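Worksheet for the structure shown next.
The values are calculated or read from the model by the stated rules, or taken from the named source; none is laboratory data. Small disclaimer: the values here were computed from a predicted structure and weren't measured. Cβ coordinates were reconstructed from backbone atoms using ideal geometry, including for glycine residues, and neighbour counts include every protein chain displayed.
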Amino acid sequence: MLKPYLTEKSISKNKEGIYVFSTPIDFNKQEIKKFIEKTFSVKVESVQTLIKRGKVKRFKGHVGMRKDVKKAIFSISKGQVIPGFESDEKNKAENKPKDDKKKQKVEKAGK
């Protein structure tokens, strides 16, 4: 039901315990809070919502509308993390040796 709303700004807020998800239009703040707490087993501190209105688009003379999207911006208790949104420091550490191997190959080719 909830999908992560991934933008550069929303991802940078994850470190502060603030997450952004797109939700069904008919969900209210209390339902969003209960759903998140039950699904991810975290304590939600606050929930803010907004509705992003769909744009009018034209294609080959036909007029259409994009769907409206409701975004839920919520903060969780300090020290808690939603699975799948951990920091990428571990991934960066794992990728470093691969970069070193590439540098070694370039150095050997240059000799």
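Are any residues in the stretch 14-34 outside any strand (DSSP E or B) and either touching a Ser or Thr at 6+ places or on another chain (Cβ under 7 Å) or within 24 Å of residue 84 (Cα to Cα) (or both), and if so, which ones? Please lay out each step first, then the result.
At the first step, the residues of the stretch 14-34 found to be outside any strand (DSSP E or B) are 14-17, 24-34.
Once the filter is applied, which keeps residues that are outside any strand (DSSP E or B) and either touching a Ser or Thr at 6+ places or on another chain (Cβ under 7 Å) or within 24 Å of residue 84 (Cα to Cα) (or both), the stretch 14-34 yields 14, 15, 16, 17, 24, 27, 29, 30, 31, 32, 33, 34.
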Single condition residue 50 does not satisfy, out of (1) buried (at least 16 other Cβ atoms within 10 Å of the Cβ); (2) within 13 Å of residue 73 (Cβ to Cβ): (1)
Failed condition for residue 41, given (1) surrounded by 13 or more Cβ atoms within 10 Å (Cβ to Cβ); (2) at positive phi; (3) more than 16 Å from the chain's Cα centre (by Cα): (1)
Filter result (charged (D, E, K, R) and either in contact with a strand residue (DSSP E or B) (Cβ under 9 Å, 6 or more places away or on another chain) or assigned to a loop (DSSP other than H, G, I, E, B) (or both)) within the stretch 35-52: 37, 43, 45, 52
Counted residues, the stretch 57-82 - those being over 17 Å from residue 16 (Cβ atoms) and β-branched (Val, Ile, Thr): 2
Some residue of the stretch 56-71 being part of a loop (DSSP other than H, G, I, E, B), surrounded by 12 or more Cβ atoms within 10 Å (Cβ to Cβ) and modelled with pLDDT of 90 or more: no
